[in-house]
Amino acid sequence: MLSKKPFVFALGLCMLCSFLLTNAATMLKPLQQKNQAIDQQKNILKVLGVIDTADGVDADDIGHLYATHIQQKWVNKDGDIVDTETDHPIFLYMKKRQVEAFAIPIAGYGLWSMLYGYFSIEGDGETVRGITFYQHGETPGLGAEVEAQWFQDNFVGKKIASAEGEFTSIGIVRGKVKDVVPAGKAPHYVDGISGATITSKGVETFLKEGLKHYEPFSKRLRNKELVM
(Lines give C-alpha, C1' and ligand atoms only; values in the text may rest on other atoms or scores of the structure.)
Protein backbone atom coordinates (compact mmCIF):
# COMPACT_ATOMS: atom_id res chain seq x y z
CA MET A 1 0.00 0.00 0.00
CA LEU A 2 1.41 3.36 -1.02
CA SER A 3 2.14 5.85 1.70
CA LYS A 4 0.10 9.08 1.63
CA LYS A 5 2.93 11.11 3.11
CA PRO A 6 4.63 12.07 -0.21
CA PHE A 7 1.30 13.26 -1.63
CA VAL A 8 0.47 15.23 1.50
CA PHE A 9 3.95 16.77 1.45
CA ALA A 10 3.65 17.69 -2.24
CA LEU A 11 0.21 19.21 -1.70
CA GLY A 12 1.45 21.22 1.25
CA LEU A 13 4.47 22.42 -0.72
CA CYS A 14 2.27 23.52 -3.63
CA MET A 15 -0.04 25.42 -1.30
CA LEU A 16 2.92 27.11 0.40
CA CYS A 17 4.45 28.14 -2.95
CA SER A 18 1.09 29.44 -4.14
CA PHE A 19 0.69 31.49 -0.97
CA LEU A 20 4.21 32.92 -1.26
CA LEU A 21 3.77 33.83 -4.94
CA THR A 22 0.40 35.48 -4.31
CA ASN A 23 1.79 37.39 -1.35
CA ALA A 24 4.86 38.51 -3.33
CA ALA A 25 2.70 39.68 -6.26
CA THR A 26 0.46 41.66 -3.89
CA MET A 27 3.41 43.27 -2.15
CA LEU A 28 5.19 44.13 -5.40
CA LYS A 29 2.13 45.55 -7.17
CA PRO A 30 2.53 49.12 -5.82
CA LEU A 31 6.19 49.12 -6.88
CA GLN A 32 5.26 47.83 -10.35
CA GLN A 33 2.61 50.53 -10.72
CA LYS A 34 5.12 53.19 -9.63
CA ASN A 35 7.68 51.95 -12.16
CA GLN A 36 5.05 51.96 -14.91
CA ALA A 37 4.13 55.55 -14.06
CA ILE A 38 7.79 56.62 -14.11
CA ASP A 39 8.31 54.89 -17.45
CA GLN A 40 5.27 56.68 -18.90
CA GLN A 41 6.51 60.03 -17.59
CA LYS A 42 9.98 59.37 -18.98
CA ASN A 43 8.64 58.68 -22.47
CA ILE A 44 6.40 61.74 -22.42
CA LEU A 45 9.27 63.97 -21.30
CA LYS A 46 11.48 62.48 -24.00
CA VAL A 47 9.01 62.90 -26.87
CA LEU A 48 8.35 66.50 -25.80
CA GLY A 49 12.07 67.26 -25.72
CA VAL A 50 12.18 68.10 -22.02
CA ILE A 51 14.92 65.45 -21.70
CA ASP A 52 17.08 64.07 -24.50
CA THR A 53 17.46 60.69 -22.85
CA ALA A 54 16.58 59.09 -19.54
CA ASP A 55 20.17 57.90 -19.05
CA GLY A 56 21.47 59.29 -15.78
CA VAL A 57 18.08 60.73 -14.83
CA ASP A 58 16.74 59.03 -11.71
CA ALA A 59 13.10 58.42 -10.89
CA ASP A 60 12.83 61.38 -8.54
CA ASP A 61 14.19 63.76 -11.19
CA ILE A 62 11.78 62.38 -13.78
CA GLY A 63 8.87 62.82 -11.39
CA HIS A 64 9.94 66.39 -10.58
CA LEU A 65 10.40 67.36 -14.24
CA TYR A 66 7.04 65.86 -15.14
CA ALA A 67 5.21 67.62 -12.31
CA THR A 68 6.91 70.92 -13.17
CA HIS A 69 6.39 70.97 -16.93
CA ILE A 70 3.54 68.64 -17.92
CA GLN A 71 -0.20 68.96 -17.49
CA GLN A 72 -2.29 65.85 -18.20
CA LYS A 73 -5.69 66.78 -19.56
CA TRP A 74 -8.22 65.35 -22.01
CA VAL A 75 -9.64 66.53 -25.33
CA ASN A 76 -13.31 66.43 -26.29
CA LYS A 77 -14.73 66.15 -29.80
CA ASP A 78 -14.79 69.94 -30.21
CA GLY A 79 -11.09 70.29 -29.45
CA ASP A 80 -11.61 71.71 -25.97
CA ILE A 81 -9.16 70.89 -23.20
CA VAL A 82 -11.13 69.41 -20.32
CA ASP A 83 -10.42 68.00 -16.87
CA THR A 84 -13.06 65.31 -17.20
CA GLU A 85 -11.65 62.05 -18.54
CA THR A 86 -12.43 61.22 -22.18
CA ASP A 87 -11.03 58.58 -24.54
CA HIS A 88 -8.33 61.01 -25.66
CA PRO A 89 -5.73 62.04 -23.08
CA ILE A 90 -3.31 64.82 -23.92
CA PHE A 91 -0.06 65.88 -22.27
CA LEU A 92 0.58 69.62 -22.44
CA TYR A 93 4.05 71.13 -22.18
CA MET A 94 3.32 74.62 -20.95
CA LYS A 95 5.45 77.77 -20.84
CA LYS A 96 4.02 81.06 -19.55
CA ARG A 97 0.46 79.71 -19.89
CA GLN A 98 1.09 78.94 -23.56
CA VAL A 99 1.17 75.50 -25.18
CA GLU A 100 4.83 74.99 -26.05
CA ALA A 101 4.02 71.50 -27.37
CA PHE A 102 1.70 68.58 -26.69
CA ALA A 103 1.97 64.81 -26.76
CA ILE A 104 -0.62 62.15 -27.48
CA PRO A 105 -0.54 58.37 -27.05
CA ILE A 106 -0.40 56.31 -30.24
CA ALA A 107 -1.00 52.59 -30.64
CA GLY A 108 -1.79 50.09 -33.37
CA TYR A 109 -0.73 46.98 -35.24
CA GLY A 110 2.54 46.58 -37.09
CA LEU A 111 3.44 43.20 -38.60
CA TRP A 112 3.68 40.91 -35.57
CA SER A 113 2.45 42.98 -32.67
CA MET A 114 0.78 46.03 -31.23
CA LEU A 115 3.06 49.05 -31.02
CA TYR A 116 2.68 51.64 -28.27
CA GLY A 117 4.25 55.07 -28.16
CA TYR A 118 3.81 58.82 -28.03
CA PHE A 119 3.73 61.51 -30.69
CA SER A 120 4.31 65.20 -30.05
CA ILE A 121 3.49 68.39 -31.94
CA GLU A 122 4.72 71.93 -31.47
CA GLY A 123 2.44 74.63 -30.12
CA ASP A 124 1.75 75.79 -33.69
CA GLY A 125 -0.49 72.74 -34.10
CA GLU A 126 1.27 71.43 -37.19
CA THR A 127 5.00 70.84 -36.72
CA VAL A 128 6.14 67.46 -35.40
CA ARG A 129 8.35 67.67 -32.33
CA GLY A 130 8.96 63.94 -31.86
CA ILE A 131 7.85 60.32 -31.81
CA THR A 132 8.80 57.46 -29.52
CA PHE A 133 7.88 53.80 -29.08
CA TYR A 134 8.18 52.06 -25.74
CA GLN A 135 6.59 48.65 -26.40
CA HIS A 136 6.31 46.35 -29.41
CA GLY A 137 7.17 42.86 -30.64
CA GLU A 138 8.44 43.63 -34.13
CA THR A 139 11.38 41.84 -35.77
CA PRO A 140 14.85 42.98 -34.59
CA GLY A 141 16.71 44.75 -37.39
CA LEU A 142 13.50 45.22 -39.40
CA GLY A 143 10.24 46.43 -37.85
CA ALA A 144 12.00 47.00 -34.54
CA GLU A 145 13.78 49.91 -36.23
CA VAL A 146 10.81 52.03 -35.14
CA GLU A 147 12.87 52.44 -31.97
CA ALA A 148 15.97 53.55 -33.87
CA GLN A 149 17.05 57.17 -33.52
CA TRP A 150 17.37 57.65 -37.29
CA PHE A 151 13.75 56.62 -37.83
CA GLN A 152 12.39 58.78 -35.04
CA ASP A 153 14.51 61.77 -36.11
CA ASN A 154 12.81 61.37 -39.53
CA PHE A 155 9.65 62.89 -38.10
CA VAL A 156 11.10 65.95 -36.40
CA GLY A 157 10.10 69.14 -38.21
CA LYS A 158 7.58 67.44 -40.50
CA LYS A 159 4.09 68.90 -40.91
CA ILE A 160 0.72 67.27 -40.16
CA ALA A 161 -1.15 69.98 -42.11
CA SER A 162 -0.85 71.61 -45.52
CA ALA A 163 0.09 75.24 -46.10
CA GLU A 164 -3.66 75.94 -46.24
CA GLY A 165 -4.11 74.42 -42.78
CA GLU A 166 -5.78 71.18 -43.88
CA PHE A 167 -4.94 67.97 -42.04
CA THR A 168 -2.54 65.62 -43.89
CA SER A 169 -0.91 63.45 -41.19
CA ILE A 170 2.53 61.93 -41.94
CA GLY A 171 3.06 59.31 -44.63
CA ILE A 172 5.84 56.72 -44.60
CA VAL A 173 7.30 55.88 -48.02
CA ARG A 174 9.23 52.90 -49.32
CA GLY A 175 12.78 54.15 -49.69
CA LYS A 176 13.76 57.81 -49.43
CA VAL A 177 11.36 60.74 -49.49
CA LYS A 178 13.69 62.74 -51.76
CA ASP A 179 13.54 59.96 -54.37
CA VAL A 180 9.78 59.34 -54.52
CA VAL A 181 7.89 62.40 -53.24
CA PRO A 182 7.61 65.79 -55.01
CA ALA A 183 9.40 68.55 -53.10
CA GLY A 184 6.15 70.33 -52.33
CA LYS A 185 4.76 67.31 -50.49
CA ALA A 186 7.99 66.22 -48.80
CA PRO A 187 7.17 67.93 -45.46
CA HIS A 188 4.35 65.40 -44.98
CA TYR A 189 6.40 62.21 -45.52
CA VAL A 190 9.28 60.34 -43.90
CA ASP A 191 11.70 57.66 -45.07
CA GLY A 192 10.48 54.10 -44.52
CA ILE A 193 12.24 51.15 -42.94
CA SER A 194 13.92 48.88 -45.47
CA GLY A 195 12.41 45.38 -45.35
CA ALA A 196 9.61 46.42 -42.99
CA THR A 197 6.90 47.73 -45.31
CA ILE A 198 4.01 46.27 -43.30
CA THR A 199 5.28 47.73 -40.03
CA SER A 200 5.81 51.10 -41.71
CA LYS A 201 2.30 51.08 -43.18
CA GLY A 202 0.88 50.05 -39.84
CA VAL A 203 2.54 53.02 -38.14
CA GLU A 204 1.31 55.35 -40.90
CA THR A 205 -2.26 54.06 -40.51
CA PHE A 206 -2.62 54.19 -36.74
CA LEU A 207 -0.75 57.50 -36.52
CA LYS A 208 -3.24 59.08 -38.92
CA GLU A 209 -6.21 57.61 -37.05
CA GLY A 210 -4.81 58.80 -33.73
CA LEU A 211 -4.12 62.33 -34.96
CA LYS A 212 -7.65 62.65 -36.35
CA HIS A 213 -9.06 62.56 -32.84
CA TYR A 214 -6.92 65.56 -31.88
CA GLU A 215 -7.33 67.48 -35.13
CA PRO A 216 -10.02 69.88 -33.75
CA PHE A 217 -7.55 70.84 -31.00
CA SER A 218 -4.60 71.10 -33.42
CA LYS A 219 -6.68 73.24 -35.78
CA ARG A 220 -7.52 75.65 -32.98
CA LEU A 221 -3.80 75.99 -32.28
CA ARG A 222 -3.08 76.61 -35.97
CA ASN A 223 -5.78 79.26 -36.06
CA LYS A 224 -4.55 80.77 -32.76
CA GLU A 225 -8.03 80.32 -31.29
CA LEU A 226 -7.00 78.47 -28.15
CA VAL A 227 -7.00 80.30 -24.83
CA MET A 228 -5.70 78.43 -21.76
- Note on the structure: Placing each pseudo-label 7 Å from Cα in the direction of the beta carbon, Lys95 and Val156 end up separated by a distance in nanometres of 1.5
- Query: How far apart, in nm, are two points set 7 Å out from the Cα along the Cα-to-Cβ line at Ala37 and at Cys14?
  - Reply: 3.9
- Note on the structure: By accessible area (1.4 Å), largest first, Glu122, Glu138 order as Glu122, Glu138
- With all protein chains present and a 1.4 Å probe, the order of Lys185, Lys219, Lys178 from largest accessible area down is Lys178, Lys185, Lys219
- Using label points projected 7 Å from each Cα along Cα→Cβ, tell me how many nm separate Gln135 and Glu209, to one decimal. 1.8
- Note on the structure: the stretch 89-184, Kirkwood Rh and Cα Rg, ratio Rg/Rh at 0.99
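At a 1.4 Å probe radius, carbon and sulfur cover how many percent of the accessible area of the stretch 110-178?
After summing per-atom areas, the C and S share lands at 52 percent.
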- Query: Too long at a 19 Å Cα-Cα cut-off: which of Lys96/Lys159; Lys185/Lys208; Lys73/Lys212; Lys73/Lys95; Lys77/Lys219?
  - Reply: Lys96/Lys159
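The values are calculated or read from the model by the stated rules, or taken from the named source; none is laboratory data. What you are looking at is a predicted structure, and each value in this text was computed from that prediction instead of being measured. Please note: Cβ atoms are built from the backbone with ideal geometry, for glycine as well, and neighbour counts cover all protein chains shown. Calculation scope for accessible area: heavy atoms of the full protein, side chains included, ligands and nucleic acids excluded. Shrake-Rupley method; radii C 1.70, N 1.55, O 1.52, S 1.80 Å.
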